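This report concerns only the one structure given below.
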Amino acid sequence: MTRVFSGVKPTGHLTLGNYLGAMRQWAAVDQHQADALFCIVDLHGLTVEHDPARLRRLTRQAATLLLASGLDTELCTVFVQSHVDEHARLSWVMECVATDGEMRRMIQYREKSAREREHGGSVRLSLLTYPALMAADILAYAADEVPVGEDQTQHVELARDLAVRFNHRYGHTFVVPRATRPAVGSRVMNLQDPTAKMGKSDDTGPGIVYLLDEPDVARRKVMRAVTDSGTEVVHDRETRPGVTNLLEILAACTGGDPETLAASYSSYGALKRDTADAVVETLRPLQERHHALCADPGYVDSVLRDGAARARAMARPIVDAAYAAIGLLPAPEAEGAGQAVGTAAPMDLAR
Ligand code: TYM
């Protein structure tokens, strides 16, 4: 069975972009067709300025929203990254396989570090090495597929390169993963600046629809979206980024096709109204389930506890195999313990 791994970083409130680009696909497709793991990657949340209490809150909120989006723990595994040590263990190995040039080429690092420096801030070293941790997240579970939005494709490609390089140098250990993305919605843009991605860590609130925005707030944001000069409704990212973004959001929410939808509108106003309705209707069930889950925090805790135990059991032998393959001496067995997994052949442990 195909193994799927993906994650979301709790650095801000989750957005419509996270939902349409990733989460919706996880719940609607991946968990039914694959052996799937979904992770709240809190260690990644330490790569930028953060407030510890807020990070904890956002981690819990993200877990609750993943469940509210329809992830079913009978079908998939939901857990928090820092609850499973194997991510950090394997991340170091990935740093020893990657080159610094490779890391510096990552578009997200270049953009985010430039922004930090512009504001006079310092850049955490972990922002540079973050893709090594992300590769570890994926490779520790022998994931075949990684469903992500367009902005994460480059990081998944790096994980592929690292898996291939490791296997070539040290013997076959890792499954080589590939990124998958939804047909529409893989790059939802900021409603106030449709040339920039709708990102949860940006502070331009009016251009970002958050999953927990009240219906009238979400509606207002869509109705006030920046559109383009001209009046024709055409799907063209280059010349009509604003209208194209609305068409893609509408298509992603309703299951339509943006080009076909474009032909059925003769004014921006009608397109905005229908898009606002579609967004509100998409968020409604998710918000209702989120509300119900918040009343039962013990349930979310139990999901995360079981998820971490399942994830640990899957990742442990794979990371042990990578340690053995790269030349680290297996830890001596504790007295009375069974055979140490680290001594088994990597081939047997990759799956
Ligand atoms: P993050 O938290 O930024 O985003 C989570 C997922 O949402 C997608 N996404 C979008 N899709 C469409 N339009 C948008 N505006 C938009 N914004 C975000 C992202 O592409 C992503 O799929 N590095 C990752 C988290 C991560 C991860 C992993 C993902 C860490 N380890 C291993 C997959 C596998 C990140 O920052 O995603």
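The values are calculated or read from the model by the stated rules, or taken from the named source; none is laboratory data. Since this is a predicted model, take the numbers as computed values, not measurements. All Cβ positions, even for glycine, are placed from backbone atoms using ideal geometry, and neighbour counts span all protein chains on display. Remember, those area values only see protein heavy atoms, side chains included, never the ligands or the DNA or RNA. Shrake-Rupley method; radii C 1.70, N 1.55, O 1.52, S 1.80 Å.
Please find, within segment 121-147, the residue that is farthest from Phe38 (Cα to Cα) out of those that are near the ligand (Cβ under 8 Å from one of its atoms) and open to solvent by 10 Å² or more (accessible area, probe 1.4 Å).
In this case the residue turns out to be Tyr130.
For segment 231-312, list the helices (runs of 4 or more DSSP H) that sit wholly inside it and hold at least 3 residues that are surrounded by fewer than 20 Cβ atoms within 10 Å (Cβ to Cβ) and touching a residue at least 40 places away in the same chain (Cβ under 8 Å); which are they?
Once the helices (runs of 4 or more DSSP H) in segment 231-312 are filtered for at least 3 residues that are surrounded by fewer than 20 Cβ atoms within 10 Å (Cβ to Cβ) and touching a residue at least 40 places away in the same chain (Cβ under 8 Å), what remains is 268-294.
Looking at Glu150, Glu118 in this structure, which one is acidic (Asp, Glu), open to solvent by 50 Å² or more (accessible area, probe 1.4 Å) and in contact with a Gly (Cβ under 8 Å, 6 or more places away or on another chain)?
From the options Glu150, Glu118, the qualifying one is Glu150.
Check whether at least one residue in segment 44-53 is within 14 Å of the ligand (Cβ to nearest atom), touching a residue at least 40 places away in the same chain (Cβ under 8 Å) and either under 13 Å from Val303 (Cβ atoms) or open to solvent by less than 20 Å² (accessible area, probe 1.4 Å) (or both), and report yes or no.
Checked segment 44-53: at least one residue is within 14 Å of the ligand (Cβ to nearest atom), touching a residue at least 40 places away in the same chain (Cβ under 8 Å) and either under 13 Å from Val303 (Cβ atoms) or open to solvent by less than 20 Å² (accessible area, probe 1.4 Å) (or both).
Can you tell me which residues in segment 9-34 are open to solvent by 10 Å² or more (accessible area, probe 1.4 Å), within 8 Å of the ligand (Cβ to nearest atom) and either among the acidic types (Asp, Glu) or not in a helix (DSSP H, G or I) (or both)?
If the condition is that a residue be open to solvent by 10 Å² or more (accessible area, probe 1.4 Å), within 8 Å of the ligand (Cβ to nearest atom) and either among the acidic types (Asp, Glu) or not in a helix (DSSP H, G or I) (or both), then Lys9, Thr11 are the ones that fit.
Mind checking whether some residue in segment 90-100 is more than 23 Å from Leu55 (Cα to Cα), open to solvent by 90 Å² or more (accessible area, probe 1.4 Å) and more than 22 Å from the chain's Cα centre (by Cα)?
Checked against the condition, which is being more than 23 Å from Leu55 (Cα to Cα), open to solvent by 90 Å² or more (accessible area, probe 1.4 Å) and more than 22 Å from the chain's Cα centre (by Cα), segment 90-100 yields at least one hit.
Taking the condition of being assigned to a loop (DSSP other than H, G, I, E, B), surrounded by fewer than 22 Cβ atoms within 10 Å (Cβ to Cβ) and within 13 Å of the ligand (Cβ to nearest atom), how many residues in segment 205-226 meet it?
Residues in segment 205-226 being assigned to a loop (DSSP other than H, G, I, E, B), surrounded by fewer than 22 Cβ atoms within 10 Å (Cβ to Cβ) and within 13 Å of the ligand (Cβ to nearest atom): 0 in total.
Is it the case that segment 170-184 has a residue that's surrounded by fewer than 21 Cβ atoms within 10 Å (Cβ to Cβ), among the small types (Gly, Ala, Ser), more than 14 Å from the ligand (Cβ to nearest atom) and not in a helix (DSSP H, G or I)?
yes
Kindly establish whether Leu37 is in contact with a strand residue (DSSP E or B) (Cβ under 6 Å, 6 or more places away or on another chain), within 22 Å of Pro131 (Cα to Cα) and open to solvent by less than 40 Å² (accessible area, probe 1.4 Å).
Against the criterion (in contact with a strand residue (DSSP E or B) (Cβ under 6 Å, 6 or more places away or on another chain), within 22 Å of Pro131 (Cα to Cα) and open to solvent by less than 40 Å² (accessible area, probe 1.4 Å)), Leu37 qualifies.
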